[in-house]
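Reading through the structure tokens given below for one structure.
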There are 2 protein chains.
Amino acid sequence: MNGADMLCDVLLVNGVDVCFANPGTSEMHFVAALDRKPAMRCVLGLSEGVVTGAADGYARMADKPAATLLHLGPGLANGLANLHNARRARTPVLNVVGDHASYHLQYDAPLTSDIEGLARPMSQWVGRAAGAHDVRRCTEEGFAASIARRGVSTMILPADAAWGEVSPETLSPVAIPAPPALEPGALEASVAALRSGRRAVILLAGRALSEKPIETAGRIAAAVGAAVFSTTSARSARGAGRALVRPVPYKIELAIEALKDFEVAICIGASRPVSFFAYPGKPSTTLPPSCEVIQLAGHEHDLGAALEALADGLGIGPDAAFARNAFRQNDIQVPTGTLTPDTLSLAIARHLPENAIVIDEALTSIGQYNALAPGLNPHDHLPITGGSIGIGIPLATGAAIGAPDRKVVAMQADGSGMYTLQGLWTQAREELDVVTIVFANSAYRILQGEMTGVGVNSYGVNARKMLDLDQPKLDWCSLARGLGVESGRATTIEEFLRLYTGALRRKGPFLIEAVID
Amino acid sequence: MNGADMLCDVLLVNGVDVCFANPGTSEMHFVAALDRKPAMRCVLGLSEGVVTGAADGYARMADKPAATLLHLGPGLANGLANLHNARRARTPVLNVVGDHASYHLQYDAPLTSDIEGLARPMSQWVGRAAGAHDVRRCTEEGFAASIARRGVSTMILPADAAWGEVSPETLSPVAIPAPPALEPGALEASVAALRSGRRAVILLAGRALSEKPIETAGRIAAAVGAAVFSTTSARSARGAGRALVRPVPYKIELAIEALKDFEVAICIGASRPVSFFAYPGKPSTTLPPSCEVIQLAGHEHDLGAALEALADGLGIGPDAAFARNAFRQNDIQVPTGTLTPDTLSLAIARHLPENAIVIDEALTSIGQYNALAPGLNPHDHLPITGGSIGIGIPLATGAAIGAPDRKVVAMQADGSGMYTLQGLWTQAREELDVVTIVFANSAYRILQGEMTGVGVNSYGVNARKMLDLDQPKLDWCSLARGLGVESGRATTIEEFLRLYTGALRRKGPFLIEAVID
């Protein structure tokens, strides 16, 4: 066996059995090794943004890392933007990046580049196999780091490490270190703060947003009269029957307004909320400056246990009441006629199937969704986490592979969708159960809003050239057809509902181009 | 005026009047400033691989840098793969990458990342404006470096440097340092080597491949009995009436065979030729180990002047004879029937218009083009330089803007074309005169060949999943339609010729999906 075989074996024994891939010549021995391992599911992406974004979506749902297979520095580079999102989502990902044979690097062949340098900004862990003999150590270390540090591991596999011979070894899963204990005093300070009578907010992020932790937070909130907010996270359990968690709004004015009354914040997974961007004369953080911030637990901790400990410390038992979101989906009145972000979000919400995975890269077109979400069928919400657009289609692709029995409903803005539309082809190839709704407003609408913010209300040629997408108009149905995905175009609510409910009834990928203003 | 206005003014006074852009919120003040400068042509790319690849193609033809406008670390990251190609092409590019306001970085907002770290592997120069007052210095330095070092400059523009006020200044073009003198002794050694009677090869790359330098090389070669070869370069003058330069073949066996007899190599712009990839048991370099290599001039030198000096040193006058390529285009016999790489290349060559710009990302489907090129109408050949696939469509886009009166004929493999197909939309938006021929073989054919090279001849499920593109088949005509570009599909030579000659007669973008086996 060779180093590439060893790599596959270490992945498989550790439960990594999906590899999102876009290989090249320097990875051919790895491809050949993967071909000898039918237990590994290889999924091709036609650009590396699809590969890394799908790995993020997979891990958000499967709760374990996928491997990626990327071709040297440029292949990694193409995947970095979605690795940025994965990094912000604290998603475990194990990248395998091929490189030239070690002795070939000195010749600076055309594809040579500083792979470590490219990897570091978006990776928690970067390693290089020093030879075939080192592949096991490197793979195990990278895998363990992706879980223990909840982040992106990037392993560089030189071609001669892949093709070099190694002896078979008895492999077993690597031990993952237990999460660290909470910082001394943090629990006591949190308990005291919540007992103090000050207006308190519990800020949740990351794994604190799964079903059970939000119930615990809900019990605490009900008992002490605190609010529960969330900052953008990989995956949030939402919907009827669950505890209410309010997202901190994206817009800085709304965020400041939502948080303005709090005197103390208990952060669990979350950090002090910051403005997405800075604006002249506006603050960078959105809690009142006088608000005390207590960091009870960070992403490295067991956030569910931290919430349980907080409840225990407050004497709140597991049977204490919390406010469950009421089911209101059937009450939603869907208007007829024109498609707008508001009417479209009402229509999507009204028919959201049970246990759906909702992908959210709708950006300015999100409409009423966040307001409606608590009353909908229980679902998981997977948003863009790092602000690096082009995650939506890949995220849906990976999530559908990570949770194959669940319907994926992807709300996709058109400008960001264009970054990684290639992922639709992977949805077709793998017959994934994804309904993609493209919010086609033919503009970078979010930037049009920002232009107003910097005082520009009427555009000249150059601003129009950079912010409008309507010359020519994108034809998403043709694009979907070109990528093997069935599609339909809706210009009214009636057309949309017909396409949407039809797509929900069938299996497999479907794209709806919803033309909004 | 603010820092963003200053940036625009410095660009314009230095002749940088095209900006390939994909902006975001942190660049809104720069967008607003660009909107106040109608002398700047802003060209939107729907993904950053289009932006940077177009900047490369533009500079290859316009012989001056374009600016790019990229959105923080992830926006830059998406453009890095084609910046890798630009780096290998020694193309001057001036990236402007927005960043958060400097005081906002400490809060690690979601889009924060190590932009310098991302930029360095693909940039010759990296700088950051320390404030609005520093924008002029930073822009001038980055611009000058892109030309003097022939490479990629990346300038980081924090939002507060863009929006901060500055006083108007009288601007003038920055001085670019003259190219350095040749290394002492290099000219004498080259002259002596070419007079020695040893079998010699003159290896050209970079700007040594424009029309006049290759004539000088041809005169030297004719006088001393040397061969002239080229390694992959940004732009090569090819065709009838010009001097013959033979490309070193991509395949290592063919490269070794082509170079096996040489005893001395004079490198002008080129370096010792290396194998694109390493293979077990095969050498990394392709000249015979005993061949002496003399580096007369590197990319930093004036390569035309170096060739003239070499000719002078050998006593070869400007009127000395050289072998001009004979015009053979009309002799090409185009078969009928099936489309294959060979027959398709014959058909493309037979009708290549005068003064065309030929974009070459055909990879394994190149067929007979390189063999036919010397006998065709004079043209410029712009290939993929760094092996980072996905350059073809952006390169064609930028080249058409850089040389608006010339027809662009783009030979595009399908797998690599999928990386940056978004560039077709920019061709439609800017009404660029580009005929794109997609060599649709529905496979990563180059990798199928490499699999054979590593001893795998029959594939299992995983190899097929990673190397075949035929489930589902890509429909390039639908993709082009979706992006606003007219198109047609050809499955026979007759169909292809009808579409191709029709496309050559009209203006504007057209895509031909040539279905080959």
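The values are calculated or read from the model by the stated rules, or taken from the named source; none is laboratory data. These numbers were taken from a predicted model, which means no experiment stands behind them. Here the Cβ positions follow ideal geometry from the backbone for every residue, glycine too, while neighbour counts run over all protein chains shown. These accessible areas exclude ligands, DNA and RNA; they are computed on the full protein's heavy atoms, side chains included. Shrake-Rupley method; radii C 1.70, N 1.55, O 1.52, S 1.80 Å.
Being buried (at least 24 other Cβ atoms within 10 Å of the Cβ) and more than 7 Å from chain A (Cβ to nearest Cβ) is not true of B:ALA81. Note on region B:1-56: residues that are more than 19 Å from B:ALA132 (Cβ to Cβ) and of a type in the set (Phe, Trp, Tyr) amount to 1. Go through the residues of region B:440-448 one by one and say whether even a single one is outside the structural domain of B:PHE277 (by TED's automatic domain parsing) and modelled with pLDDT of 95 or more. Yes: region B:440-448 contains one or more residues that are outside the structural domain of B:PHE277 (by TED's automatic domain parsing) and modelled with pLDDT of 95 or more. β-branched (Val, Ile, Thr) and in contact (Cβ under 8 Å) with a residue 40 or more places away in the chain: which single residue out of B:VAL293, B:VAL274, B:VAL358 fits that description? When all the criteria are applied, what remains is B:VAL358. Of all residues in region B:347-371, those satisfying the criterion of being surrounded by fewer than 20 Cβ atoms within 10 Å (Cβ to Cβ) and in a helix (DSSP H, G or I) are B:ARG350, B:THR364, B:ASN370, B:ALA371.
Among the residues in region A:110-124, are any more than 8 Å from chain B (Cβ to nearest Cβ), hydroxyl-bearing (Ser, Thr, Tyr) and touching a strand residue (DSSP E or B) at 6+ places or on another chain (Cβ under 7 Å)? Yes: region A:110-124 contains one or more residues that are more than 8 Å from chain B (Cβ to nearest Cβ), hydroxyl-bearing (Ser, Thr, Tyr) and touching a strand residue (DSSP E or B) at 6+ places or on another chain (Cβ under 7 Å). Regarding B:GLY225, is this residue open to solvent by 10 Å² or more (accessible area, probe 1.4 Å) and at positive phi? Yes, satisfied. The listed residues are A:SER442, A:SER478, and the only one of them that is at the interface with chain B (Cβ under 7 Å from one of its Cβ atoms), more than 13 Å from B:ALA32 (Cβ to Cβ) and of a type in the set (Ser, Thr, Tyr) turns out to be A:SER478.
Whenever a residue of region A:244-268 is in a strand (DSSP E or B), its partners that are of a type in the set (A, V, I, L, M) and open to solvent by 30 Å² or more (accessible area, probe 1.4 Å), lying with C-beta atoms within less than 7 angstrom and at least six residues away or across chains, give the pairs A:ALA265/A:VAL293; A:CYS267/A:VAL293. If you go through region A:146-162 and keep only what is open to solvent by less than 10 Å² (accessible area, probe 1.4 Å) and more than 14 Å from chain B (Cβ to nearest Cβ), you end up with A:SER146, A:SER153, A:MET155. Out of A:GLU300, A:GLU257, A:GLU292, one residue alone is open to solvent by 40 Å² or more (accessible area, probe 1.4 Å), assigned by TED's automatic domain parsing to the domain that holds A:ILE202 and touching a strand residue (DSSP E or B) at 6+ places or on another chain (Cβ under 7 Å). It is A:GLU292.
Among the residues examined, A:LEU187 qualifies as outside any loop (DSSP other than H, G, I, E, B) and open to solvent by 20 Å² or more (accessible area, probe 1.4 Å).
Just the residues that are part of a helix (DSSP H, G or I) and either under 17 Å from the mean Cα position of the chain (by Cα) or without any contact (Cβ under 8 Å) to a residue 24 or more places away in the chain (or both), please, taken from region A:327-346.
A:ASN330, the sole residue that qualifies.
In the set (1) under 23 Å from B:ASP405 (Cβ atoms); (2) open to solvent by 10 Å² or more (accessible area, probe 1.4 Å); (3) touching a strand residue (DSSP E or B) at 6+ places or on another chain (Cβ under 6 Å), B:TYR107 fails one condition alone, (1). The set of residues from region A:308-328 being within 30 Å of A:ILE348 (Cα to Cα) and surrounded by fewer than 18 Cβ atoms within 10 Å (Cβ to Cβ) comprises A:ALA323, A:ARG324, A:ALA326, A:PHE327, A:ARG328. Here B:SER290 does not fit the description of being part of a loop (DSSP other than H, G, I, E, B) and in contact with a helix residue (DSSP H, G or I) (Cβ under 8 Å, 6 or more places away or on another chain).
Scanning region A:191-213 for residues that are assigned to a helix (DSSP H, G or I) and over 29 Å from the mean Cα position of the chain (by Cα) yields A:VAL191, A:ALA192, A:ALA193, A:LEU194, A:ARG195.
Only residues that are free of Cβ contacts under 8 Å to residues at least 60 places away in the same chain and of a type in the set (S, T, N, Q) were counted across region A:56-104, and they come to 3. Applying the selection to region A:10-32, what residues are of a type in the set (A, V, I, L, M, F, W, C) and either buried (at least 24 other Cβ atoms within 10 Å of the Cβ) or within 28 Å of the chain's Cα centre (by Cα) (or both)? Within region A:10-32, A:VAL10, A:LEU11, A:LEU12, A:VAL13, A:VAL16, A:VAL18, A:CYS19, A:PHE20, A:ALA21, A:MET28, A:PHE30, A:VAL31 meet the criteria.
Conditions tested, residue by residue: (1) touching a Leu at 6+ places or on another chain (Cβ under 9 Å); (2) within 12 Å of another protein chain (Cβ to nearest Cβ); (3) not hydroxyl-bearing (Ser, Thr, Tyr).
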position	(1), (2), (3)
A:PRO394	no, no, yes
A:ILE401	yes, no, yes
A:LYS407	yes, no, yes
A:ALA410	yes, no, yes
A:MET418	yes, yes, yes
A:GLN422	yes, yes, yes
A:TRP425	yes, yes, yes
A:ARG429	yes, yes, yes
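Of the helices (runs of 4 or more DSSP H) lying entirely inside region A:410-469, those containing at least 1 residues that are aliphatic (A, V, I, L, M) and open to solvent by less than 10 Å² (accessible area, probe 1.4 Å) span A:423-429, A:445-453, A:461-467. Which residues, taken from region B:471-517, are of a type in the set (A, V, I, L, M) and either open to solvent by 50 Å² or more (accessible area, probe 1.4 Å) or assigned to a strand (DSSP E or B) (or both)? Matches in region B:471-517: B:ALA490, B:LEU511, B:ILE512, B:ALA514, B:VAL515. Quick check on my filter: what residues within region A:231-281 are of a type in the set (Val, Ile, Thr) and within 14 Å of chain B (Cβ to nearest Cβ)? Hits for region A:231-281 are A:THR231, A:THR232, A:VAL248, A:ILE252, A:VAL274. Of the residues screened, A:THR216 is one that is closer than 26 Å to A:ALA326 by Cβ, outside the structural domain of A:GLU361 (by TED's automatic domain parsing), assigned to a helix (DSSP H, G or I) and not aromatic (Phe, Trp, Tyr). Evaluate region A:46-67: report whether one residue or more is among the acidic types (Asp, Glu) and open to solvent by 10 Å² or more (accessible area, probe 1.4 Å). Yes, there is a match, as at least one residue in region A:46-67 is among the acidic types (Asp, Glu) and open to solvent by 10 Å² or more (accessible area, probe 1.4 Å).
Taken residue by residue, region A:124-131 has no member that is in a helix (DSSP H, G or I) and open to solvent by 10 Å² or more (accessible area, probe 1.4 Å). For region B:33-45, which positions are closer than 19 Å to B:LEU432 by Cα, surrounded by fewer than 24 Cβ atoms within 10 Å (Cβ to Cβ) and within 7 Å of chain A (Cβ to nearest Cβ)? Of everything in region B:33-45, those that are closer than 19 Å to B:LEU432 by Cα, surrounded by fewer than 24 Cβ atoms within 10 Å (Cβ to Cβ) and within 7 Å of chain A (Cβ to nearest Cβ) turn out to be B:MET40, B:CYS42.
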